[in-house]
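A.B. asks: Could you have a look at this structure, given as structure tokens, before my questions?
The values are calculated or read from the model by the stated rules, or taken from the named source; none is laboratory data. From a predicted model like this one, the values you see are computed outputs, not experimental measurements. Backbone-built Cβ (ideal geometry, glycine too); neighbour counts: all protein chains shown.
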Amino acid sequence: MAGGAAHRNESGCGGALSGWAESWKAGPVTILGDAVHAMSPAGGLGANTALQDAAVLATLLTDVVAQRKPLGGVISSYEVDMRVRATEANDASERSARKLFEFNPMKC
Ligand SMILES: Cc1cc2nc3c(=O)[nH]c(=O)nc-3n(C[C@H](O)[C@H](O)[C@H](O)COP(=O)(O)OP(=O)(O)OC[C@H]3O[C@@H](n4cnc5c(N)ncnc54)[C@H](O)[C@@H]3O)c2cc1C
């Protein structure tokens, strides 16, 4: 991990039940699932989001071979897509957690 600030969820304080890996230098290595966007169990979104990450990455990687796209650009595309999807899922999971557990992220 290098540079960049850790993601803050919509509560503005990161929350106690979820978290993000800090941003990292772009390259041929990437991560998916809980390793990058750990999520609370609330909402049942963590596994689904991890599987979506894998499906999107696998689809994009076929373009490296089939369309001779550069690996770096493909990995960047995956990471942009992953962060948009996972941010929405993470925020939804936090909202569910607050309802279920009366979790107050403002106290963090
Ligand atoms: C109580 C609970 C309920 C949940 N309910 C739901 C639900 O209903 N629906 C839903 O979508 N999500 C749910 N989730 C979230 C879901 O379980 C996770 O988001 C999902 O498992 C993440 O998948 P992953 O592959 O990224 O990570 P993981 O499932 O954690 O897989 C990582 C794997 O890597 C292995 N590993 C770790 N370190 C190493 C190492 N150094 N070398 C080799 N292997 C290693 C681990 O043993 C593990 O098998 C729940 C989570 C919890 C805690």
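A.B. asks: Somewhere in the range 52-62, is a residue in contact (Cβ under 8 Å) with a residue 12 or more places away in the chain, assigned to a helix (DSSP H, G or I) and more than 13 Å from the chain's Cα centre (by Cα)?
C.D. replies: There is at least one residue in the range 52-62 that is in contact (Cβ under 8 Å) with a residue 12 or more places away in the chain, assigned to a helix (DSSP H, G or I) and more than 13 Å from the chain's Cα centre (by Cα).
A.B. asks: Related question: Considering only residues of the range 14-30 that are of a type outside the set (A, V, I, L, M) and surrounded by fewer than 12 Cβ atoms within 10 Å (Cβ to Cβ), which is modelled with the highest pLDDT?
C.D. replies: Pro28
A.B. asks: Right, something else. Would you check if Glu10 is at pLDDT below 95, outside any loop (DSSP other than H, G, I, E, B) and acidic (Asp, Glu)?
C.D. replies: no
A.B. asks: May I pose another question? Can you name every residue in the range 86-103 that is in a helix (DSSP H, G or I) and either surrounded by fewer than 15 Cβ atoms within 10 Å (Cβ to Cβ) or in contact with a Phe, Trp or Tyr (Cβ under 7 Å, 6 or more places away or on another chain) (or both)?
C.D. replies: Glu88, Ala97, Lys99, Leu100, Phe101, listed by residue number.
A.B. asks: Can you tell me how many residues within the range 31-46 are surrounded by fewer than 17 Cβ atoms within 10 Å (Cβ to Cβ) and either in a loop (DSSP other than H, G, I, E, B) or more than 10 Å from the ligand (Cβ to nearest atom) (or both)?
C.D. replies: 3
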